[in-house]
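Below is one structure, written out as structure tokens, with a few remarks after it.
The values are calculated or read from the model by the stated rules, or taken from the named source; none is laboratory data. Everything numeric in this text was worked out from a predicted model, so none of it was measured. These accessible areas exclude ligands, DNA and RNA; they are computed on the full protein's heavy atoms, side chains included. Shrake-Rupley method; radii C 1.70, N 1.55, O 1.52, S 1.80 Å.
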Amino acid sequence: VIYADLETMIGEDAMKKFPGFPFLASYISRYYLEHGDFNKAITLARTNVENLRKLREKQMAEGKEASWDMTPFIVRLLGALESNYRNNVYEANKLEAEGKPEEAKKLRDQLQKQLDETKQVAKDLLTEKNEIADSILYVDFCFRNRLINDLKEYADSIKEDDTENVKSIK
């Protein structure tokens, strides 16, 4: 029922009608992503991850078990960031093929900044050593984006840790 009229109440209207509903925010973020509106997808996914983090912290402070698994929402955010990056790589290549090297260089400079930002988001959200799934997702992210130095840095950061979860990751 919530999704039936999504296109007419997309985005802010839907979020006002159902505030704080993370699955709706995730769905709308996916909608924007699939329709190429990467900035809206990224903004909504970031907001959703931050809201879920605050909710988890509040639940834990109240002595309750943190009931939200944030991994699907983090994956949605990284998916939006990576799709935006890949789309812009395509655009930069297209500009170069059209004989516009200055514009292509400008876009490539922006791409490097985007990749650095995406790497930072991945590091911030996926490298908690006590979360095996998130660590595996981070390693996968690094492989997908050929971030060899980041993989080495991560391996070095867990080298001395002999907890059970980190042993599983190793």
Query raised in the report: Gln59 to Thr47: extension gain in nm, 0.36 nm per residue of separation minus the Cα-Cα distance?
Result: 2.5 nm
Query raised in the report: Round to a whole number: what % of the accessible area of the range 75-170 belongs to carbon and sulfur, probe 1.4 Å?
Result: 49 percent
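Please state, as a whole number in µm²/s, the translational diffusion coefficient that the Stokes-Einstein equation yields for the range 83-143 at 37 °C and 0.692 mPa s, with Rh defined as the Kirkwood radius across alpha carbon pairs.
On the way: Rh = 12.9 Å.
Translational diffusion coefficient: 254 µm²/s.
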Requested in this report: Provide the solvent-accessible area of Lys167, counting protein heavy atoms only and rolling a 1.4 Å probe, rounded to the nearest 10 Å².
Outcome: 100 Å²
Report task. Output the pairs from Lys113/Lys170; Lys106/Lys152; Lys123/Lys152; Lys40/Lys106; Lys94/Lys119 with a Cα-Cα distance over 20 Å in this structure; if there are none, say none. Result -> Lys113/Lys170; Lys106/Lys152; Lys40/Lys106; Lys94/Lys119
Requested in this report: Report the accessible area of Tyr31, computed with a 1.4 Å probe over the heavy atoms of all protein chains in place, in Å² rounded to the nearest 10.
Outcome: 50 Å²
Query raised in the report: Is the range 29-170 best put as rounded, prolate or oblate by its Cα gyration tensor, with a ≥ b ≥ c the root eigenvalues, rounded for a/c under 1.5, and otherwise prolate when a/b is larger than b/c, oblate when not?
Result: oblate
Report task. Please work out how much accessible surface Arg144 shows to a 1.4 Å probe, ignoring ligands, DNA and RNA, in Å² rounded to 10. Result -> 100 Å²
Query - Stretchable slack from Ile132 to Ala97, in nm (0.36 nm times residue separation minus alpha-carbon distance) - result: 8.3 nm
